[in-house]
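Take a look at the structure set out below.
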Amino acid sequence: MNLLPPAVAELSDDELLALYSEGAGSPWLRVNFVATIDGAASAGGLSGSLGGPDDLRVFDLLRRMADVVLVAAGTVRDEGYGPMVLRDADVAWRRAHGMPDHPVFAIVSGSLSLDTDSRVFTAAPVRPVVLTSVTAARSDRGRALAAVADVVPCGGVGAPDTVDPVALRDALVARGLRTIHCEGGPSFLGSLVAADLVDELTLTIDPTLEGGAAPRIIRGSSPSLRRLQPAHVLRGAGDVLLTRYLRARIG
């Protein structure tokens with residue numbers, strides 16, 4: 001018997017949005033990744049070659065629903081991010097649902113090694129947010145970045161040189177950015193998992209074997225297992241599987 005999950009191509013955008021909204025709370029931190037079946041989070045050093053068109057379709061819809069897109073600075077550089085500009089259809093949907101045209105782009109950087117002349121800042125439809133340590137925010141580099149972005153210190157208690165993930169999440173929520181869509185990278189996701197902040201994982205599984213030294217979707221260590229519950233599995237073009245897991249309910 002060959003049992004296959006529903007195909008993404010058979011579902012409308014509204015049906016997909018309903019599937020990916022079911023069970024979500026507020027505030028809500030979703031992380032979105034792609035991996036090969038042997039656990040590699042990239043091929044040739046980048047994740048963009050994995051997933052295919054249906055993964056990209058869902059990726060765009062998840063951004064459509066988000067108040068803020070959260071990405072670590074290394075991933076912004078490695079994946080060649082540009083300004084956070086959505087498609088016309090996404091903008092129209094957001095307007096119809098009383099949302100701003102585009103989500104805020106929030107970049108996590110402890111070192112603030114960001115180019116103020118990058119289109120991420122100069123062509124941004126919404127002023128980006130840079131989340132960093134207290135020490136870095138007060139530095140010359142922090143003051144320079146403040147000309148093109150809101151530089152927000154997110155240090156831990158008694159740890160001004162660190163970026164604390166709980167403080168980071170709380171800072172976004174305090175700005176009214178309650179639906180948080182995180183796109184990487186592995187080290188940053190590791191810190192979110194260790195702090196038990198992940199409410200949802202949407203993971204696309206590309207049916208390929210990378211077989212090299214590519215990283216997993218998470219790098220780091222957590223004091224305990226973080227159990228999630230499967231919400232759905234969909235089938236995309238090229239036999240990719242689009243999975244969704246939610247924070248396990250206790251009791």
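The values are calculated or read from the model by the stated rules, or taken from the named source; none is laboratory data. Keep in mind that this is a model prediction, so the values were computed, not measured. Note: ideal-geometry Cβ built from the backbone for every residue, glycine included; neighbour counts use all protein chains shown.
Tabulated data for the structure shown
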{"read-out": "Residue in segment 73-87 that is in contact (Cβ under 8 Å) with a residue 24 or more places away in the chain and polar (S, T, N, Q) present", "value": "yes"}
{"read-out": "Members of segment 207-249 that are among the small types (Gly, Ala, Ser), within 17 Å of GLY23 (Cβ to Cβ) and out of contact with any Gly (no Cβ under 7 Å at 6 or more places or on another chain)", "value": "ALA248"}
{"read-out": "Residue in segment 223-243 that is farthest from SER187 (Cα to Cα), counting only those that are β-branched (Val, Ile, Thr) and assigned to a strand (DSSP E or B)", "value": "VAL233"}
{"read-out": "Residue ID - nearest to PRO83 (Cα to Cα), chosen from residues in segment 134-169 that are touching a Gly at 6+ places or on another chain (Cβ under 6 Å) and of a type in the set (A, V, I, L, M, F, W, C)", "value": "VAL151"}
{"read-out": "Members of segment 58-101 found to be surrounded by 14 or more Cβ atoms within 10 Å (Cβ to Cβ), in a loop (DSSP other than H, G, I, E, B) and touching a strand residue (DSSP E or B) at 6+ places or on another chain (Cβ under 9 Å), listed by number", "value": "ALA66, ASP67, GLU79, TYR81, PRO83, MET84"}
{"read-out": "Options PHE59, PHE33: the member that is under 18 Å from PHE188 (Cβ atoms) and in contact with a helix residue (DSSP H, G or I) (Cβ under 9 Å, 6 or more places away or on another chain)", "value": "PHE33"}
{"read-out": "Test set (1) under 19 Å from the mean Cα position of the chain (by Cα); (2) basic (Lys, Arg); (3) not in a loop (DSSP other than H, G, I, E, B) - ARG127 fails condition number", "value": "(3)"}
{"read-out": "Residue among GLY176, GLY211, GLY220, GLY184 that alone is part of a loop (DSSP other than H, G, I, E, B), on the phi > 0 side of the Ramachandran plot and at pLDDT 95 or above", "value": "GLY176"}
{"read-out": "Identity of the residue in segment 174-184, among the charged types (D, E, K, R) and closer than 24 Å to ILE218 by Cα, that ends up surrounded by the fewest Cβ atoms within 10 Å (Cβ to Cβ)", "value": "ARG178"}
{"read-out": "Answer residue from segment 37-51, given it is within 18 Å of the chain's Cα centre (by Cα) and surrounded by 15 or more Cβ atoms within 10 Å (Cβ to Cβ) and is modelled with the lowest pLDDT among those", "value": "SER47"}
{"read-out": "Single match in LEU201, LEU192 (criterion: in a strand (DSSP E or B), within 13 Å of the chain's Cα centre (by Cα), at negative phi and modelled with pLDDT of 95 or more)", "value": "LEU201"}
{"read-out": "Positions within segment 112-135 being at pLDDT 95 or above, exposed (fewer than 15 other Cβ atoms within 10 Å of the Cβ) and within 21 Å of LEU168 (Cα to Cα), in sequence order", "value": "ARG127"}
{"read-out": "Subset of segment 136-173 that is among the basic types (Lys, Arg) and either part of a loop (DSSP other than H, G, I, E, B) or free of Cβ contacts under 8 Å to residues at least 12 places away in the same chain (or both) - its residue that is surrounded by the fewest Cβ atoms within 10 Å (Cβ to Cβ)", "value": "ARG143"}
{"read-out": "Selection within segment 137-159 - closer than 12 Å to LEU114 by Cβ and of a type in the set (Lys, Arg)", "value": "ARG141"}
